[in-house]
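The values are calculated or read from the model by the stated rules, or taken from the named source; none is laboratory data. Remember, predicted model here, so these are calculated numbers, not experimental data. Note that we place each Cβ from the backbone using ideal geometry, even for glycine, and neighbour counts take in every protein chain shown. Ligands, DNA and RNA are stripped out before the accessible areas are found, and what is left, the full protein with its side chains, is counted by its heavy atoms. Shrake-Rupley method; radii C 1.70, N 1.55, O 1.52, S 1.80 Å.
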Amino acid sequence: MTRMEDTGVSFEQRLQEIRRESSSDAAGDPERFRRVALTETEMMSQGEAIRATLEANEAPLASIAADLADRNIRRIVMVGCGDSWISGHGVRQVMEKMLGAVAEPYEAFDFATYGIDVIDNETIVIGLSSSGKTEPVIDGLKGSAKLGAYTIGLSNTMGSPLMVEFPGALHIRATRGGWPTQSSTAAMALKLALTASILEAKGGDAASLRAALAALPEQVDAVSQSFYEPARDVARSLARADLVLLTGAGPFYAAAAFGSAKLKELAPIHSYAFPLEEYHHYRTQKSGDPIFLVAADDASHARAAETAIMSRGCEGFCIALLPEGEAEIAQIADVVWHLPPVAWETAPILYSVPLHLFGYHAAVERDALGLGAPKLGA
């Protein structure tokens, strides 16, 4: 292993090479707040990005589905970094139920470094990168292709390596001038449309998924509008929080993880997302800690109710995202956000939207107080 001092490169030079983010965590950093402003614009137009993405990819989806119609599919691997990786958690359940194959979100560096050896010609590997140039994603798809896997690239950037070097190429019609919101939700919708296309090519019925996708843009826009002010109210009350926890089970872990990512990127504060059950295996929440609890379905309801009880018992602060009409958790949580009815296939996308909004408003409210990144223990 070569030591840094043996290369003639200073620590400062190496740090500059590695650091890709041009903004800082300092209070009022102008570059960060330039991107915060762009994030607001993008998160408030997610419905249009989803609609445009689905419409633009009808022909490419049909072509990929035709390629896969007679191919045995044992495993689907979704690789990406950051939100691109998180998005796989939100769609894996739909893929598994409808295609009868194991669907696995795999962090791209881990996959390219450790995960390729068991890839074969019954595997589909889907790589997602907004720039289309993320090296671990490219490396993972190239390595998989050599082992016979069918590889598909998803990107916002036409002409990028991810869009030209692999059999399947799907273009996400979303911008990412700010931190990812519409680029992530549109990518999830596109993966679901891919699932529907493959299922139909194999003779299955994807009518319910098609209907859910058709309704999604309008639903996302409605939630963006209706939760803009509630998200700002909670952000104002938690503006001095240095740490925020978020949790959800199964596909709703994706919504929690998106929310955590936005807080770390925009606010910028310490934030951690984890699967719902993991809350109960440690002393996770301390007195005063806020937690967002995504409890969107019957399958996780009982454990989510116990989480809300534990939150109150440790004198934490619980904001619960619940389906319309849910009453048990609503009586326990400190703040309740009831979301409108949505198909189970697209619910993880819809439940991500209020957490995007909170991340944005947390950044604005902290800036109004002159707060930058906290230093826990300082």
(message) All but one of (1) surrounded by 24 or more Cβ atoms within 10 Å (Cβ to Cβ); (2) over 25 Å from R20 (Cβ atoms); (3) out of contact with any Leu (no Cβ under 7 Å at 6 or more places or on another chain) hold for T185; state the number of the condition that does not hold.
(response) (2)
(request) Would you mention how many residues in segment 150-167 are surrounded by fewer than 20 Cβ atoms within 10 Å (Cβ to Cβ) and touching a residue at least 60 places away in the same chain (Cβ under 8 Å)? (result) 1
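Among the residues of segment 327-339, are any in contact with a Ser or Thr (Cβ under 7 Å, 6 or more places away or on another chain) and part of a helix (DSSP H, G or I)? Reasoning before the result, please.
If we filter segment 327-339 for residues that are in contact with a Ser or Thr (Cβ under 7 Å, 6 or more places away or on another chain), which is where we start, we get none.
So far as segment 327-339 goes, no, none of its residues is in contact with a Ser or Thr (Cβ under 7 Å, 6 or more places away or on another chain) and part of a helix (DSSP H, G or I).
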(message) Name the single residue that is surrounded by the fewest Cβ atoms within 10 Å (Cβ to Cβ) among those in segment 223-252 being within 23 Å of S45 (Cα to Cα) and among the polar types (S, T, N, Q).
(response) Q225
(request) Take segment 123-148 and flag every residue that is in a helix (DSSP H, G or I), open to solvent by 10 Å² or more (accessible area, probe 1.4 Å) and hydrophobic (A, V, I, L, M, F, W, C). (result) I138, A145
(request) Only residues in segment 103-124 that are closer than 11 Å to G80 by Cβ count as the first member; pair them with residues that are assigned to a strand (DSSP E or B) and open to solvent by less than 50 Å² (accessible area, probe 1.4 Å), Cβ under 7 angstrom, at least 6 apart or cross-chain, and list the lot. (result) P105/M78; Y106/V77; Y106/M78; Y106/V79; A108/V79; A108/G80; F111/V77; F111/V79
(message) Take T2 and tell me if it is at pLDDT 95 or above and either β-branched (V, I, T) or over 22 Å from the mean Cα position of the chain (by Cα) (or both).
(response) no
(request) Could you please give the count of residues in segment 334-378 that are free of Cβ contacts under 8 Å to residues at least 40 places away in the same chain and either surrounded by 17 or more Cβ atoms within 10 Å (Cβ to Cβ) or within 22 Å of the chain's Cα centre (by Cα) (or both)? (result) 3
(request) Mind listing whichever residues of segment 299-322 are open to solvent by less than 40 Å² (accessible area, probe 1.4 Å) and either within 17 Å of G250 (Cβ to Cβ) or among the polar types (S, T, N, Q) (or both)? (result) S300, A304, A305, T307, S311, A320, L321, L322
(request) Determine which member of the set A296, A255 is open to solvent by less than 50 Å² (accessible area, probe 1.4 Å) and part of a loop (DSSP other than H, G, I, E, B). (result) A296
(request) Output the residues belonging to segment 261-299 that are free of Cβ contacts under 8 Å to residues at least 12 places away in the same chain and within 17 Å of the chain's Cα centre (by Cα). (result) K264
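Yes or no: segment 195-203 includes at least one residue that is touching a residue at least 60 places away in the same chain (Cβ under 8 Å), open to solvent by 30 Å² or more (accessible area, probe 1.4 Å) and not in a helix (DSSP H, G or I). Explain how you work it out, then say what you get.
The initial filter retains those residues of segment 195-203 that are touching a residue at least 60 places away in the same chain (Cβ under 8 Å), namely 195-202.
Filter once more, keeping what is open to solvent by 30 Å² or more (accessible area, probe 1.4 Å): 200-202.
Filter once more, keeping what is not in a helix (DSSP H, G or I): 202.
Checked segment 195-203: at least one residue is touching a residue at least 60 places away in the same chain (Cβ under 8 Å), open to solvent by 30 Å² or more (accessible area, probe 1.4 Å) and not in a helix (DSSP H, G or I).
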(request) Answer yes or no: is there a residue in segment 115-122 that is at pLDDT 95 or above, outside any helix (DSSP H, G or I) and either surrounded by 21 or more Cβ atoms within 10 Å (Cβ to Cβ) or within 23 Å of the chain's Cα centre (by Cα) (or both). (result) yes
(request) List the number of the failed condition for W85; all other conditions in (1) free of Cβ contacts under 8 Å to residues at least 60 places away in the same chain; (2) more than 24 Å from the chain's Cα centre (by Cα) hold. (result) (2)
(request) Looking at (1) in contact with a Leu (Cβ under 8 Å, 6 or more places away or on another chain); (2) assigned to a helix (DSSP H, G or I); (3) open to solvent by less than 10 Å² (accessible area, probe 1.4 Å); (4) aliphatic (A, V, I, L, M), find the lone condition where I291 falls short. (result) (2)
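Tell me, please, whether a residue that is more than 24 Å from F109 (Cβ to Cβ), in contact with a Ser or Thr (Cβ under 6 Å, 6 or more places away or on another chain) and open to solvent by 10 Å² or more (accessible area, probe 1.4 Å) can be found in segment 168-177. Explain how you work it out, then say what you get.
Just the residues of segment 168-177 that are more than 24 Å from F109 (Cβ to Cβ), to begin with: 171, 173, 175, 177.
Keeping just the survivors that are in contact with a Ser or Thr (Cβ under 6 Å, 6 or more places away or on another chain) gives 173.
Pick out the ones that are also open to solvent by 10 Å² or more (accessible area, probe 1.4 Å) and you get 173.
The answer is yes; a qualifying residue exists.
Having 2 or more residues that are surrounded by 15 or more Cβ atoms within 10 Å (Cβ to Cβ) is the bar; report the helices (runs of 4 or more DSSP H) wholly within segment 7-86 that clear it.
30-43, 46-56, 58-68
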